[in-house]
Ligand code: PNW
């Protein structure tokens, strides 16, 4: 048994990375619109103002998805497009866009799978303190309700948050992402708590207001540790590394348990509480009841893992990359076994069906002289990762889907348009789309339901 019959084969994107139309039809400003105005913040001063102009070209893009045989499409909704000030007045034109997008997907037999928040936070709410303000969870709930009331007669798959680790860590600790802050541990603990609360309240809203029976989850990016050999001690060491609070003095927010134990167990992990409890709000225990709403699946973005080997005493040794080891355009490692061990360890601990919500690699692909885009590395990368993912399914891990990152080349945050992750090539001067070789390869994978891997 490999991938189940109705497995969701898809690809993913995010509003700020593809839509463009940054100030069209009443859209408010996001913290990403704001950060990209800052000199030096983004590679070559690139912005998402136009990006792939998907806002105007979504029909053409969906036709390409159809051509590639996608079963589902994971996109995100821009909060300030729906609520220009983040709260209060609803912008109907913003809702119309997503409503039309959903109709077009359904007309092409593609299941819409929106994520409510993929980092484009309303600038007006940033002025009110952003995620530091305890009210942020109520703001997010209000926004969720506006979206669910409009789309839930046709949409029944939802993700609340994309990679909270990254928008907290890069956005609020290192300052490389919006809103570009460099805060200290006390504030970070507060922010994580508010973000978790926002997730919980959002799930409640979806359950309460959805017209169809909704399935919902969160899409974090987890640290994945891979046993470097078959020694059972290495497996134990890798599992321990995955589920210990490895934040240390500099609370990076990159802890799997700090994010997931509250959602699944209604508890913060004890080892993390030792250092963080003093910063939590007095209501934190009560809040955990809201945070731990039942979810239907665990989304997980996975790019690269780390290898761990245990010595005779069981002490973990982190394996360094080998000389000459394969690296992606981003210099990320190629670690296919992460798509076996990540799902396996996560499933053991949280017993939740899993969906890989992102996986892929960047390269500097170009259109060749024959008019095609040849990207053998992307094919090989995806092939290797999917084989491991299939093995997880064969081992009894419940997996429901796989979304390749990304459907098309797009605005890669602080790296602008330097890195290309797409299955579809985009010429950013002409907006011409070309399905890459990997896109045609993926089509065959989907047609055979992964039998050919
Ligand atoms: C994800 N890391 O970010 C995001 O969800 C996407 O929007 C983004 O385009 C994609 O991955 C590629 O970067 C990540 O440090 C950022 O391991 C950082 C990491 C992983 C994912």
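The values are calculated or read from the model by the stated rules, or taken from the named source; none is laboratory data. Values in this document were obtained by computation on a predicted structure and should not be read as measured data. Here the Cβ positions follow ideal geometry from the backbone for every residue, glycine too, while neighbour counts run over all protein chains shown.
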(message) Would you confirm, using the coordinates I've provided, whether residue 70 is modelled with pLDDT of 95 or more, part of a loop (DSSP other than H, G, I, E, B) and in contact with a strand residue (DSSP E or B) (Cβ under 9 Å, 6 or more places away or on another chain)?
(response) yes
(message) If the requirement is being over 22 Å from the mean Cα position of the chain (by Cα), free of Cβ contacts under 8 Å to residues at least 60 places away in the same chain, within 30 Å of residue 135 (Cβ to Cβ) and crowded, with 18+ Cβ neighbours inside 10 Å, which of these qualifies: 114, 84?
(response) 84
(request) Answer yes or no as to whether residue 293 is under 30 Å from residue 141 (Cβ atoms) and touching a helix residue (DSSP H, G or I) at 6+ places or on another chain (Cβ under 8 Å). (result) yes
(request) Please work out which residue is surrounded by the fewest Cβ atoms within 10 Å (Cβ to Cβ), limiting yourself to region 1-18 and to residues that are in contact with a strand residue (DSSP E or B) (Cβ under 9 Å, 6 or more places away or on another chain) and in a loop (DSSP other than H, G, I, E, B). (result) 6
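What residue, of 86, 94, is part of a loop (DSSP other than H, G, I, E, B) and modelled with pLDDT of 95 or more?
Result of the check over 86, 94: 86.
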(message) For a quick check of your reading: which helices (runs of 4 or more DSSP H) sit entirely within region 264-356 and have at least 3 residues that are crowded, with 21+ Cβ neighbours inside 10 Å and within 16 Å of the ligand (Cβ to nearest atom)?
(response) 338-350
(request) Could you list, in sequence order, all residues of region 194-227 that are part of a strand (DSSP E or B), within 16 Å of the ligand (Cβ to nearest atom) and either touching a helix residue (DSSP H, G or I) at 6+ places or on another chain (Cβ under 6 Å) or under 20 Å from residue 132 (Cα atoms) (or both)? (result) 218, 221, 225, 226
(request) Scan region 24-49 residue by residue and report those that are surrounded by fewer than 16 Cβ atoms within 10 Å (Cβ to Cβ) and out of contact with any helix residue (DSSP H, G or I) (no Cβ under 8 Å at 6 or more places or on another chain). (result) 37, 38, 40, 44, 45
(request) Evaluate the following for residue 392: is it within 13 Å of the ligand (Cβ to nearest atom) and touching a helix residue (DSSP H, G or I) at 6+ places or on another chain (Cβ under 7 Å)? (result) no
(request) Hey, can you tell me all the residues within region 404-444 that are in a loop (DSSP other than H, G, I, E, B), more than 11 Å from the ligand (Cβ to nearest atom) and in contact with a helix residue (DSSP H, G or I) (Cβ under 9 Å, 6 or more places away or on another chain)? (result) 407, 416, 417, 418, 423, 431, 436
